């Protein structure tokens, strides 16, 4: 069947995405042309943008490489093009190529570095096997292979970084802990809205502690006694790993 070529595979995927985007742009061009019959001058800038974007895509260039001003960026977002979305490349390798992935994964990394695209190396077959093991046994197996953490964990972290997300936690007593994704730079008031709109609407304040401090203390009560729990207002910027208790009234 020939030699495996991951770069050719990636180019094939990119080409398929670009072809789908060309169809989307063509449909938008037709709608804008139809609307422009009533007011050609008003729609001329958007039509020129769409035609230039189509030429860009037709040349085999992804939409996220198209130069945009402020207005053009808004028009581009409205199109929801596949090739405008952030990219993360995953190199699925054999167990014998771990942890670095071997020469094929290195080729992927070198190509991705040219476009500043993150790469994660995993062995999907191994991850499936580890998922069937007890946690302690799986961790011992990973260490024997020289793996610091699971491939799925690496993939999740890379995805979070790519999407500019952090994680905050809510904890009810000692029995329930929940993790919530949140855009980096968001306030605790934004975080309250992720949990429930009533919490955001009736927000009073938030009790906040880093997760490792809460684990060290053993409980909210002990953390308060140690002075590690902070009271924050609605403008507090949530930090990655914060454990948050929202106080609200509705």
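Summary of values
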item	result
Selection count where residues are part of a helix (DSSP H, G or I) and surrounded by fewer than 15 Cβ atoms within 10 Å (Cβ to Cβ), scope the range 65-101	9
Meets criteria (under 27 Å from the mean Cα position of the chain (by Cα), modelled with pLDDT of 95 or more and within 30 Å of residue 98 (Cβ to Cβ)) for residue 190	no
Answer from 24, 34, 15 - the residue that is at pLDDT 95 or above, loosely packed, with under 11 Cβ neighbours inside 10 Å and in a helix (DSSP H, G or I)	34
Complete set of residues in the range 116-141 that are in contact (Cβ under 8 Å) with a residue 12 or more places away in the chain and either buried (at least 18 other Cβ atoms within 10 Å of the Cβ) or not in a helix (DSSP H, G or I) (or both)	117, 118, 119, 120, 121, 122, 123, 126, 130
Among (1) in a helix (DSSP H, G or I); (2) farther than 26 Å from residue 12 by Cβ; (3) touching a helix residue (DSSP H, G or I) at 6+ places or on another chain (Cβ under 9 Å), the one test that residue 41 misses	(3)
Candidates 113, 59, 105 - the one that is closer than 23 Å to residue 157 by Cβ and either surrounded by fewer than 11 Cβ atoms within 10 Å (Cβ to Cβ) or free of Cβ contacts under 8 Å to residues at least 12 places away in the same chain (or both)	113
Leading residue by the ranking (surrounded by the fewest Cβ atoms within 10 Å (Cβ to Cβ)) among those in the range 201-223 that are part of a helix (DSSP H, G or I) and touching a residue at least 12 places away in the same chain (Cβ under 8 Å)	212
Of the criteria (1) farther than 30 Å from residue 94 by Cα; (2) touching a helix residue (DSSP H, G or I) at 6+ places or on another chain (Cβ under 7 Å), which one residue 230 fails	(2)
Test: residue 8 is assigned to a helix (DSSP H, G or I) and surrounded by 13 or more Cβ atoms within 10 Å (Cβ to Cβ)	no
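The values are calculated or read from the model by the stated rules, or taken from the named source; none is laboratory data. Owing to the predicted nature of the structure, the values given are computational and were not obtained by experimental measurement. Ideal geometry is used to build each Cβ from the backbone, glycine not excepted, and the neighbour counts take in all protein chains shown.
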